[in-house]
Amino acid sequence: MSEHAWNPALDLTQVPEQPGVYLFRDAAGKVLYVGKSARLRERVRSYRAGGDGRQNIRFLESEARSLETIVTRTEGEALLLEDALIKTHKPPHNLRLKDDKSFRMLRIDLAEEFPRLKHVRAKNPDAGREGGRSRLFGPYASSGDLRKTLSDLHRVVPLRDCPDHVLANRSRPCLKHQIGLCCAPCVGLVTPGEYAALVDKAARILSGDVAEVRADLEARMRAASQAQEYERAAGWRDRLAALARTVAGQGVQPKDDVARDVLGLARAGDAAVVHRLAFRGGRLAESRSHVFRSQLSDEELLHVVVTALYAHSRRDVPREIVVPCLPAEDGLLAQALGGQVTFAWPRSGERLRMLSVAGENARAELSRSEGERAGEQAALEELATIAGLDSVPEIVDCFDVSNLQGAHVVASRVRFRRGHADRAGYRRYRVRGVAGQDDFASMREVVLRALRRGVEDDELPDLVVIDGGREQLAKALEAREEAAAWEVAMVGLAKARTASGARSRAVDERLFVPGAAEPLPLPRHSGARHLLERIRDEAHRFAITYHRKERGRIASRLDSIPGVGPERRKALLRAFGSVQGVAEASAEQLGAVPGIGAELADTILRALRQKG
């Protein structure tokens, strides 16, 4: 390993010629960017624009202060080491694809007597299959696309979609049979042979072979129309439309069946979008955009994107990748991806047409995301003005407290960065130091714990939003003082309430700002209001999700004890605050709870302490 000062006059003879990994660091030693190369010296030279020694990537000139190189024996070792270093250091100028979900597929288990189409993931397509033969169809870009395909397919081929236990226990046809969406194998209205023919027809349609089915449906529609059976003809017409929708939406139709990905690129400043069109079996299998902030050149950006898309994920590597320009070190990339992939940089023909479609999608997504970014920035600026902040907040945290029938209090923290959810900053809390239901004290505890951790890790937010009014905000401010996180701004968000008959109802949002005599009303169509509501609603959703999980855990430990039902469980939780509190209580304390008694108290303690 060698390290050199990074400057335009760096002596390149000091940089090794062998394969390896290079790291740019800032003045504090933080890793800014990690790259790999088959020839390190040549790679480092490429970061200079020309004879005057200027760097062709802006962050190098403004931030980079040292260059570190690590030599490896082979290019493959360099690829693996680069991946490990990126995961370790999380450099700000490397791209990490977070949207790496596996493909959605449809599977038919042909070993079943009456197979049905099942939704599975390509990462583990055999999950839930007990054995036998099966066929996979897809992939599909989204669950919405898959549901639409299934809905339309059942209009053409009425296969069952009920689970096995429903199929085995029905005594009469369901409603779907009555409206023509199921052939009712559950009650013997179709033979196994007839059902197998329907399965074969569905498989042909999902494989793109629809000519025979389309001709059959058209003939049935014409025959019904000639017989003046217009209602029946309309039914066949609807099935034809459903068939068209099932196989439509494939975008560009290639003339071959080569497994091919097409990467369109659009840029504006440091904003970049790569749109990927994935073709499999002669059809468009996926269309998805990936949005980045990057100062890398187009060639360097594509090099990193291709690495992230294929080398660092379980995604299948296609035989061909069509690109708007050749990625840096395309030969190394091809070898790292198994040596079977080729990069195509088309100048004319069908591939150029595909690339134009991908590029148009990338430009559309860039326009949308940049407009969204501008709107979010305007909302943050408006929020800073309303709340009297010294600067526009980049990191905003929001806390929400939730409790279960006055006991087992939990809380959530969500983090938004530049107006977008940053799920790496989400946290869940169990309130430990508050007895019973005290939302104010609970808020103080979780904010204190979060801010203390933020001070230790040097990861404090710019603004904390408290889901609540003046009292909750006051407790959060106490926590801020105790944690010595004075630089963190705080506001409370709560709805004003007005009487409506015997009830009160929420009307307008109000912002509680420290030092303000009255809460500030937020205009109904304010960008700041919409942003705050979105953040608060996400904190509430996250807390409720955690609560449901905890509620299931509570029920499994208390409700499984003979003699403890919902009412007695509620009484125990009100008295002791949590299952742990119940387990730590004495038999006399438990027996004093209304409805428990000495005998049941002994039963509860034995059960909980055995499980603990």
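So, in segment 499-518, how many residues would count as being outside any strand (DSSP E or B), modelled with pLDDT under 90 and either surrounded by 10 or more Cβ atoms within 10 Å (Cβ to Cβ) or polar (S, T, N, Q) (or both)?
1
Pairs please, first residue from segment 523-548 and under 17 Å from ARG417 (Cβ atoms) and of a type outside the set (Gly, Ala, Ser), second anywhere and part of a helix (DSSP H, G or I) and at pLDDT 90 or above, Cβ atoms under 8 Å, 6+ apart in sequence or on different chains.
From residues that are under 17 Å from ARG417 (Cβ atoms) and of a type outside the set (Gly, Ala, Ser), the pairs are LEU531/ALA379; LEU531/LEU380; LEU531/LEU383; LEU532/LEU383.
Being of a type outside the set (Asp, Glu) and farther than 24 Å from ALA234 by Cα is the filter here, so list the residues in segment 156-172 that pass it.
Those that are of a type outside the set (Asp, Glu) and farther than 24 Å from ALA234 by Cα: CYS162, PRO163, HIS165, VAL166, LEU167, ALA168, ASN169, ARG170, SER171, ARG172.
Take segment 49-89 and flag every residue that is at pLDDT 75 or above, exposed (fewer than 13 other Cβ atoms within 10 Å of the Cβ) and under 22 Å from ALA308 (Cβ atoms).
Within segment 49-89, LYS87, THR88 meet the criteria.
Restricted to segment 314-342, and to residues that are outside any loop (DSSP other than H, G, I, E, B) and touching a Pro at 6+ places or on another chain (Cβ under 7 Å), which residue is modelled with the highest pLDDT?
Residues of segment 314-342 outside any loop (DSSP other than H, G, I, E, B): 320-322, 330-336, 342.
Adding the requirement that they be touching a Pro at 6+ places or on another chain (Cβ under 7 Å) leaves 322, 333.
Details: VAL322: 95, LEU333: 88.
Once the filter is applied, the top-ranked residue is VAL322.
Would it be correct to say that VAL213 is within 20 Å of ARG116 (Cβ to Cβ), at pLDDT 80 or above and assigned to a helix (DSSP H, G or I)? So that I can check it myself, show each step before the final result.
Working: within 20 Å of ARG116 (Cβ to Cβ): yes; at pLDDT 80 or above: no; assigned to a helix (DSSP H, G or I): yes.
In short, no.
Can we say LEU590 is crowded, with 16+ Cβ neighbours inside 10 Å, among the aliphatic types (A, V, I, L, M) and at pLDDT below 80? I'd like the intermediate steps shown before the answer.
Numbers: crowded, with 16+ Cβ neighbours inside 10 Å: yes; among the aliphatic types (A, V, I, L, M): yes; at pLDDT below 80: no.
When the stated conditions are applied, LEU590 does not pass them.
Can you tell me which of ASP390, ASP422, ASP462, ASP439 is within 30 Å of ARG574 (Cα to Cα) and of a type in the set (D, E, K, R)? Reasoning before the result, please.
Numbers: ASP390 fails: within 30 Å of ARG574 (Cα to Cα); ASP422 fails: within 30 Å of ARG574 (Cα to Cα); ASP462 fails: within 30 Å of ARG574 (Cα to Cα).
The unique qualifying residue is ASP439.
Restricting attention to segment 123-149, and to residues there that are of a type in the set (A, V, I, L, M) and buried (at least 17 other Cβ atoms within 10 Å of the Cβ), which single residue is modelled with the lowest pLDDT?
Within segment 123-149, the first condition is being of a type in the set (A, V, I, L, M), and the residues that meet it are 127, 136, 141, 146.
Subset that is buried (at least 17 other Cβ atoms within 10 Å of the Cβ): 141, 146.
Details: ALA141: 49, LEU146: 66.
The selected residue is ALA141.
Just checking, does segment 183-203 include any residue being within 34 Å of the chain's Cα centre (by Cα) and free of Cβ contacts under 8 Å to residues at least 40 places away in the same chain?
Looking through segment 183-203, none of the residues is within 34 Å of the chain's Cα centre (by Cα) and free of Cβ contacts under 8 Å to residues at least 40 places away in the same chain.
Give the residue, chosen from SER2, SER46, SER37, that is among the polar types (S, T, N, Q) and modelled with pLDDT under 75.
Values: SER46 fails: modelled with pLDDT under 75; SER37 fails: modelled with pLDDT under 75.
That would be SER2, the only listed residue that is among the polar types (S, T, N, Q) and modelled with pLDDT under 75.
When you scan segment 476-491, do you find a residue that is surrounded by 15 or more Cβ atoms within 10 Å (Cβ to Cβ), assigned to a strand (DSSP E or B) and touching a residue at least 60 places away in the same chain (Cβ under 8 Å), even just one?
yes
Could you tell me how many of the residues in segment 325-360 are more than 30 Å from THR74 (Cβ to Cβ) and within 29 Å of the chain's Cα centre (by Cα)? Step through it out loud before you land on a result.
Of the residues in segment 325-360, the ones more than 30 Å from THR74 (Cβ to Cβ) are 346-360.
Cutting the leftovers down to within 29 Å of the chain's Cα centre (by Cα) gives us 354-360.
Selection size over segment 325-360: 7.
Within segment 416-442, restricting attention to residues that are in a strand (DSSP E or B) and under 30 Å from GLY581 (Cα atoms), which residue is modelled with the lowest pLDDT? Let's see the steps before the verdict.
In the first step, residues of segment 416-442 are kept if they are in a strand (DSSP E or B); the result is 416-417, 420-421, 427-430.
Filter once more, so that each one left must be under 30 Å from GLY581 (Cα atoms): 427-430.
On the way: ARG427: 90, ARG428: 87, TYR429: 87, ARG430: 81.
So, considering only residues that are in a strand (DSSP E or B) and under 30 Å from GLY581 (Cα atoms), the one modelled with the lowest pLDDT is ARG430.
Quick check on my filter: what residues within segment 443-475 are assigned to a strand (DSSP E or B) and either closer than 21 Å to SER402 by Cα or free of Cβ contacts under 8 Å to residues at least 12 places away in the same chain (or both)?
VAL464, VAL465, ILE466, ASP467
When you scan segment 324-358, how many residues do you find that are surrounded by 20 or more Cβ atoms within 10 Å (Cβ to Cβ) and among the basic types (Lys, Arg)?
Residues that pass the stated criteria total 0.
The values are calculated or read from the model by the stated rules, or taken from the named source; none is laboratory data. From a predicted model like this one, the values you see are computed outputs, not experimental measurements. Cβ: placed from backbone, ideal geometry, glycine included. Neighbour counts: every protein chain shown.
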